[in-house]
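Step one of this worksheet: look at the structure below.
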Amino acid sequence: MDPNYLEGSEVSTASAEAIKRLNIQPPTDQDFDREAQRQRATMGKAFDEVFTAANGDEATKRLLKSQNEEINKMKRIGFRPVTIINLLPFKLQINGVLHSRYNTVVPPAPPEPQKKGGIPYGRRVLDRIYFDHKDLGSDMQGIDQFIAVPWLPIELAQDFDREYNEIQGTGAVFFYEGDNVPESSPVLAHQLKEAQKSLFKWCEKRCQEADLEFANDESRKNITETHREAWRILNRAAVVKDDEKPAWLHSISTGRVAPELCPNCHKPKDSAICANCGVVHNPLVAYRDLSMIEFGHVSFGKMTDEEYKEAVKEKEKRDKRTSQLNKKAGS
């Protein structure tokens, strides 16, 4: 068959009638045999001889063996659980494959403390070894080689500190080794009080933002429940009084839904990439739909497993298109 048979035909415009006229025949057993021989000549084995159920089972056994070896090693070395304390009025969640896999969400602080005169906080204990894996390619038998990569609780806890303290600047999140409550230790109780001071500063900034947004009719839509909850936190702690209630404390009807704010600069999210500070909110859209970042950008760490698969598919399509263009240019 002429390899250029599609050139200039109606198939290039995806015409259903043109496709029907092609009279395409399904491949025969001889066609499959020829393709298998070609694969053996170029790769050593045919595709069906490599990607078998037996090979898949063996790859899984090797990964589980690697994981068990890491667990036994960690038990010998020893590791401690880690407690994450959250004084913020919303749950803490890290975008990333590992955190999504294990659902490492920290609950929000309740409106009132458990004990009178106490400090309200949400608490999450990380008490196990968390596993990712590393792909070492295939061995000579075509069996995938994956090794387990362990992550300790303290390593995952550091992600929350980095996101909510270093990046977002709340100062209202902290962690420590152990599964005890912060009131059980004078040192931890002091740390809890310091985090509350940081929380109040963060709340004051959110209230100042809301004051500025409320001064303009067009920007009032930017006031969110986060701003209102920040004032309530200050009010419950007697930092502000009831007679100081701002006009924006109650929901403001503007006919439009208030947009979600960028966690870095607290401006409305208007795209996959923040126009104000450049933080990538949606790496898949930024790469696949907008072509604003390269494959493997640091923000890819925020993707779920499914989103990363979509990004890989897009990269393969682009690589194939680039290869075809290069061939045409060289001919």
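Mind giving me the nanometre distance, one decimal, between the label points for Val181 and Asp139, set 7 Å out from Cα along Cα→Cβ?
About 5.2 nm, to one decimal.
Using only alpha carbon positions, build the gyration tensor of the range 191-331, then give the equivalent ellipsoid semi-axes as the square roots of 5 times its eigenvalues, largest first, whole angstrom. Provide the component values of the computation, followed by the final result.
Details: eigenvalues 397, 64, 23 Å².
Result for the range 191-331: semi-axes of 45, 18, 11 Å.
Using a basic spin-label model with each label point 7 Å from the Cα along Cα→Cβ, how many nm lie between Asp289 and Lys197?
About 4.5 nm, to one decimal.
What's the center-to-center distance, using Cα atoms, between the range 286-310 and the range 117-196 in Å?
Value for the Cα centre distance between the two parts: 24 Å.
Considering the dipole of the range 72-149 built from charges on the beta carbon (Lys and Arg +1, Asp and Glu -1) around the Cα centre, which of Tyr121, Gln93, Val105 is farthest to its positive end?
So the residue furthest toward the plus end is Tyr121.
Quote the charge dipole size of the range 265-331 about the Cα centre in Debye, to the nearest 20; the model charges only the Cβ of Lys and Arg (+1) and of Asp and Glu (-1).
Using Cβ point charges on Lys, Arg, Asp and Glu, the range 265-331 gives about 340 debye.
How do 195-206, 63-74 rank on mean C-beta neighbours within 10 Å, highest first?
Ranked from most to least packed, the peptides come out as 195-206, 63-74.
Quick one: net charge of Tyr121's neighbours, Cβ under 14 Å, K/R +1, D/E -1?
Once positives and negatives cancel, what remains is +4.
Out of the chymotrypsin sites (Phe, Trp or Tyr not before Pro) in the range 67-134, which ones are loop residues according to DSSP with at most 14 other C-beta atoms within 10 Å?
Qualifying residues, ordered by number: Phe90.
Across the range 202-214, in residue order, what do the Karplus-derived ³J(HN,Hα) couplings come to in whole Hz, using 6.51 cos²θ - 1.76 cosθ + 1.60 with θ = phi - 60° and x for Gly and Pro?
Rounded to whole hertz, the list is 5, 5, 4, 5, 5, 5, 5, 4, 4, 4, 5, 5, 6.
Tell me which residues come under 5 Å, amide H to amide H, from Lys269 once H is placed; ignore anything under 5 positions away on its chain.
HN-HN under 5 Å from Lys269: Glu260, Leu261, Cys262.
Can you compute log10 of I(q)/I(0) for the range 126-280 with the Debye formula, treating each Cα as one identical point scatterer, at q = 0.09, 0.21 Å⁻¹?
Debye intensities relative to I(0), on a log10 scale: -0.48, -1.30.
I'd like the Kirkwood hydrodynamic radius of the range 76-188, using the inverse of the mean 1/r over distinct C-alpha pairs, in Å.
Over the range 76-188, the inverse of the mean reciprocal pair distance is 15.8 Å.
Using label points projected 7 Å from each Cα along Cα→Cβ, tell me how many nm separate Asn264 and Lys313, to one decimal.
2.8 nm
Pairs of lysine in the range 221-331 with Cα under 28 Å and at least 8 positions apart or on different chains: total?
Taking the Cα cut-off of 28 Å, the pair count is 27.
Could you tell me the ratio Rg/Rh of the range 265-331? Both radii from Cα atoms, Rh via Kirkwood.
Rg/Rh: 1.11.
A short reminder: the numbers here are calculations on the coordinates, not readings from a lab. The model shown is predicted, which means the values in this text are computed figures rather than measured ones. Don't worry about glycine lacking a Cβ; one is built from the backbone with ideal geometry, like all the others, and counts go over all protein chains shown.
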